[in-house]
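Notes follow the structure.
The values are calculated or read from the model by the stated rules, or taken from the named source; none is laboratory data. For clarity, every value in this text was computed on a predicted model and none was experimentally measured. Don't worry about glycine lacking a Cβ; one is built from the backbone with ideal geometry, like all the others, and counts go over all protein chains shown.
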Protein chains: 6
Amino acid sequence: MAKVVTNAPRSEAALCAALGELGVATVHEAQGRRGLLAPRIRPIQDGARIGGNAVTCEVAPGDNWMIHVAMEQARPGDILVVTPTSPCDDGYFGDLLASSAKARGVLGLVIDAGVRDVRDLRDMGFPVWAKGVFAQGTVKETLADVQVPVVCAEALIHPGDVIVADDDGVCVVRREEAENVLEKARAREAMEAGKRQFYENGQLSLDINNMRERLAEKGLVHE
Amino acid sequence: MAKVVTNAPRSEAALCAALGELGVATVHEAQGRRGLLAPRIRPIQDGARIGGNAVTCEVAPGDNWMIHVAMEQARPGDILVVTPTSPCDDGYFGDLLASSAKARGVLGLVIDAGVRDVRDLRDMGFPVWAKGVFAQGTVKETLADVQVPVVCAEALIHPGDVIVADDDGVCVVRREEAENVLEKARAREAMEAGKRQFYENGQLSLDINNMRERLAEKGLVHE
Amino acid sequence: MAKVVTNAPRSEAALCAALGELGVATVHEAQGRRGLLAPRIRPIQDGARIGGNAVTCEVAPGDNWMIHVAMEQARPGDILVVTPTSPCDDGYFGDLLASSAKARGVLGLVIDAGVRDVRDLRDMGFPVWAKGVFAQGTVKETLADVQVPVVCAEALIHPGDVIVADDDGVCVVRREEAENVLEKARAREAMEAGKRQFYENGQLSLDINNMRERLAEKGLVHE
Amino acid sequence: MAKVVTNAPRSEAALCAALGELGVATVHEAQGRRGLLAPRIRPIQDGARIGGNAVTCEVAPGDNWMIHVAMEQARPGDILVVTPTSPCDDGYFGDLLASSAKARGVLGLVIDAGVRDVRDLRDMGFPVWAKGVFAQGTVKETLADVQVPVVCAEALIHPGDVIVADDDGVCVVRREEAENVLEKARAREAMEAGKRQFYENGQLSLDINNMRERLAEKGLVHE
Amino acid sequence: MAKVVTNAPRSEAALCAALGELGVATVHEAQGRRGLLAPRIRPIQDGARIGGNAVTCEVAPGDNWMIHVAMEQARPGDILVVTPTSPCDDGYFGDLLASSAKARGVLGLVIDAGVRDVRDLRDMGFPVWAKGVFAQGTVKETLADVQVPVVCAEALIHPGDVIVADDDGVCVVRREEAENVLEKARAREAMEAGKRQFYENGQLSLDINNMRERLAEKGLVHE
Amino acid sequence: MAKVVTNAPRSEAALCAALGELGVATVHEAQGRRGLLAPRIRPIQDGARIGGNAVTCEVAPGDNWMIHVAMEQARPGDILVVTPTSPCDDGYFGDLLASSAKARGVLGLVIDAGVRDVRDLRDMGFPVWAKGVFAQGTVKETLADVQVPVVCAEALIHPGDVIVADDDGVCVVRREEAENVLEKARAREAMEAGKRQFYENGQLSLDINNMRERLAEKGLVHE
């Protein structure tokens, strides 16, 4: 009725780390403005910035059993991606599961539901991106799939896709495109660094990007 | 037309403090996953953790008059619990009321509405759990009841029930059950401490909790 | 089709600074409880408190082109006020635009939409009040008006009105009323300082404000 | 772990019917503006107006098992009141359960969650007030209590309380107060009938209710 | 403290009727996609379509007193526009006020808050556009302004502006622009009638509007 | 930069029709409770029930250009599935596009955004499932993909998947699984028909489904 796919593929560790370092906004732009999770997913801490392999996990509403099952599939450098089969705000994940995840080298959690024990999670330095905080506990009664493609917060995520998460939210990069996206993201960052200097000197983007002519063509008038 | 119940009962101070120390998630579990306020109630600060007696106060929408009346009923160790008679986001409570509450030994505020002067509230160290922050002021025109049973953020709260509040939200424990719940919560915490160590050593909850057999019975397959 | 009003009026710098110092809650009260932006507008940082001139900017949904145009109109002491012509959560503003704004002496941003690069924005000390955080990028295709009266987060704002923003949210003061409002806000602050002392000594607002008689007249009973 | 209270008390049938006939707005006013369920509870049909005894039923998120248990407790003239132990939008109730409920003389359903098969429910003439419509199915794994006091959509409801539901929403009347409330509701309706005639003749409430003097006292000015 | 502006200007009746007949979507387009109220404002009935003069009315949260005051200012052909000074879902308006409004020739109500007695309102044929339905009653304690410019559901509305409302929502047309907008709206409608025929014959907008070249220029590829 | 996949596969017409007839709740159950679109997607009419092939279309926020492009790909028996690349409530679709769609044999529209001209849409008998109604118009400036796999309202949809839509919402069935799901759905419907008769005779699901023993095992007590 439910299955766990073992030995799912992974993206290369160096690739994940590099994408994580570049951050969500840059990576998202570099892959053509795709792959963002819905804005309801927010970090519960400030300043964390990670990149890692998705380990995907479906859960029933109010039931966190499959997270326990998914933990066995997690390897160092992975990021747990948990999505309920119907919308739920319950607190699926707390300090015990975080202890286990950290011990196994998991880098963080992305969940389209609630978490709890958030003070402990922050103290442990285990970063979490969630839909909310709610202490409501869960049961362990219903099966669901682990390491299959899932839709999490409106984004399609496959096991082994690269998850990038920081203060701006969460972005997914397809495993097959990760190398290509990294290259584009680096180019973009270099280009932005150049522009930043112009701006800091007080120059206007209207001039740097030659926007004035196109604005006029479209009919913009200064009065 | 409206009433203030004076000399409402209180729970024992030591009981309140002990429950507060254990925290919302643990206490909520210990009493059978009941008593949580809705997740829209969030702390306006990080790291506060309190336990105290509920002083309940109904207010009309956009009207904070009865908080002034409730203040007279508050004693050291109490927590103000304020609920509007219809949904409202206005800023019912700010630094002046907080000064008064603090001077009277009140430990904090739980309110299913808005608050304001939040920078001052944080600076004063007066912890607040609220539905939101909104500077919109209120009038003083309409009566409502003080120290009667109320529904606040979807939880039933009686005067003298124990309020536990921390970064995870707010939980209420019935006065008559507080002692019993404390006992169970301590047992739970001890049990969790044991498990945490196993997890930190890298063991899986699947093994510690003997889940494998039941998962297989339900039909879980590893591919 | 679209216009930029140049040389829009400004409020006096000293007036703006003084109102900013008094803060949103006090200023809002002083002008008769008007002028608040909707509570969905929240600071992305803690502790910022500013007062400045509104530079208003309309933008199409998912299109930040006009912010680039508005930047040219901004002068030291201004605050950018951006409102989409239909509701949008996209990240219209990030670290590059913030670099430009800062270089031009802009004090901060108020936007009824999303922003991104929030870690950078916080690190730069460029304060932002927004509807949310979302890394979703925007295009540059559609014109809209700059420096015209706008409705932003349900408040009417004219170019040159005074924007006051702090941890409680954002309030607008009409340019013609700013001097008068400042006077009233100062009076209010003085009055509150007096009351605060009474409260800190444990006195009740019921007594300080002579509420008991009016409460009894309305029918309040103590049991 | 969970219990069903059998032989819970009932309010008198004639009382329920009379309150149902008067409707939610009138009954709510007659009992001092208390007892309304939150406005998220809306009818899935137009024009239904019922009054009956509450049969209360808690359910786990995503799990409708206890509705099946509650059905056995239902008698002719009852109204099912279902509330999840944590927020859930799933479709707990469809045409099969409605067939069963109708056969047992149940008058309708109030549920702080989702329902499905709504075309069938409307065709059957089985009225429902719900938080939403969602086809997401539920499991049958977790116990919860039946015929105990519950908080449903922010209102406290005891078994045997009178539920009044119409196009305006849902209101609960405490069993002990039902007779008294009915009397007041009838008086209110008579009073309103009188006023309605004045209004239909074009007279103003300002005059009928003698509001002009009090408005002037408060400072209202006509310019 | 509060004022009623008497003898506010009106737009011409024929103009209002003509704009009402054209409907919200067409009028909104004709005036450059401005003037829509936020999408939370929805009709409580199907098929109503009106155009009339705005009579504006501010109300305190949970307090409908000023609607009674505004009623005196209403004339045949007017539409009541009610906006709370802070967000509120209460039921400000029911069948009694509707009887009064109807008797005075008022065409309908637009309110950024709740209404009640909706079955009666529908039966009376008095159309309403509201934020929601909620039976929660209101008090009569607090003054606010009548017939002043207001922001209602994020749109700026002056007394005497033309309100157009139908199943799509509500749009406001500035009194000074109404004649001009009517002309443009009629032109637009004629243009749309022409296109509709092409479409009904199975022709594509890609061809009718010559979009193919511009799509190719932007880089659209068919695979 | 953007592409249109022509000659995307289709599911068989008879299969689509049969699944449409069975309805969302039954089909969703038959495929293991998967494939539902989020509950924010609601019909704008009552009683419509369709099954057809998905033609998928991405659109930029506030920009409906690609719907015009997608129309060319639509064939009789198709259903348009439109999803914005970031959340948007604008009215992307009105009576003109509906005329075109109807002329081309399109059965209906599913859109995770707003629509307008809803009275006309209902009068034309062109069924729509949408996130909301909003008259806000859109521009035609930005490209996006047509007939590629999309995530619409949190569900993954491929071109040629079967869309089933009725008063309960919308469900997608993968093209490769459609035949198998149809078989299971028919079996389910037959089983439900049998149960319905038992219920109509007043029998309890507790007995028909042999739930009593399992309830007792889990610890349910009747008091």
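A few notes on this one:
- Those residues of the range A:57-86 which are more than 14 Å from chain D (Cβ to nearest Cβ) and either touching a Pro at 6+ places or on another chain (Cβ under 8 Å) or of a type in the set (A, V, I, L, M) (or both), in sequence order: A:Ile67, A:Val69, A:Ala70, A:Met71, A:Ala74, A:Ile79, A:Leu80, A:Val81, A:Val82
- Considering D:Gly35, D:Gly23, D:Gly62, D:Gly94, the condition of being at negative phi, surrounded by 22 or more Cβ atoms within 10 Å (Cβ to Cβ) and among the small types (Gly, Ala, Ser) is satisfied by D:Gly94 alone.
- The one condition in (1) more than 28 Å from F:Asn64 (Cα to Cα); (2) without any contact (Cβ under 8 Å) to a residue 40 or more places away in the chain; (3) crowded, with 22+ Cβ neighbours inside 10 Å that E:Met124 fails to fulfil: (3)
- Taken over the range B:124-176, the residue count meeting the criterion of being touching a Phe, Trp or Tyr at 6+ places or on another chain (Cβ under 8 Å) and acidic (Asp, Glu) is 2.
- Residue ranges of strands (runs of 3 or more DSSP E) in the range E:101-166 with at least 2 members within 14 Å of chain B (Cβ to nearest Cβ) and within 25 Å of D:Gly169 (Cα to Cα): E:108-115, E:128-133
- Failed condition for A:Asn53, given (1) more than 15 Å from the chain's Cα centre (by Cα); (2) crowded, with 23+ Cβ neighbours inside 10 Å: (1)
- D:Ala155 being among the hydrophobic types (A, V, I, L, M, F, W, C), modelled with pLDDT of 95 or more and under 15 Å from D:Ile79 (Cα atoms): no
- Across the range E:138-165, the qualifying residues are those that are of a type in the set (Gly, Ala, Ser) and either over 22 Å from E:Ala2 (Cβ atoms) or within 17 Å of the chain's Cα centre (by Cα) (or both), and the one among them that is surrounded by the fewest Cβ atoms within 10 Å (Cβ to Cβ) is E:Gly160.
- Single residue of the range F:139-161 satisfying the filter (in contact with a helix residue (DSSP H, G or I) (Cβ under 8 Å, 6 or more places away or on another chain) and β-branched (Val, Ile, Thr)) that is nearest to A:Arg33 (Cα to Cα): F:Thr142
- Count of residues meeting criterion [more than 9 Å from chain C (Cβ to nearest Cβ) and closer than 20 Å to C:Asp145 by Cβ] in the range A:167-212: 1
- The residue list E:Arg212, E:Arg175 contains one member that is surrounded by fewer than 19 Cβ atoms within 10 Å (Cβ to Cβ) and farther than 26 Å from E:Trp65 by Cα, which is E:Arg212.
- Qualifying residue in the range D:58-72 (condition: in contact with a helix residue (DSSP H, G or I) (Cβ under 6 Å, 6 or more places away or on another chain), within 22 Å of A:Tyr92 (Cβ to Cβ) and hydrophobic (A, V, I, L, M, F, W, C)): yes
- Of all residues in the range E:129-144, those being closer than 15 Å to E:Val81 by Cβ and in contact with a Lys or Arg (Cβ under 9 Å, 6 or more places away or on another chain) number 3.
- Selection status of D:Gly77, over 27 Å from B:Leu37 (Cα atoms) and within 13 Å of the chain's Cα centre (by Cα): no
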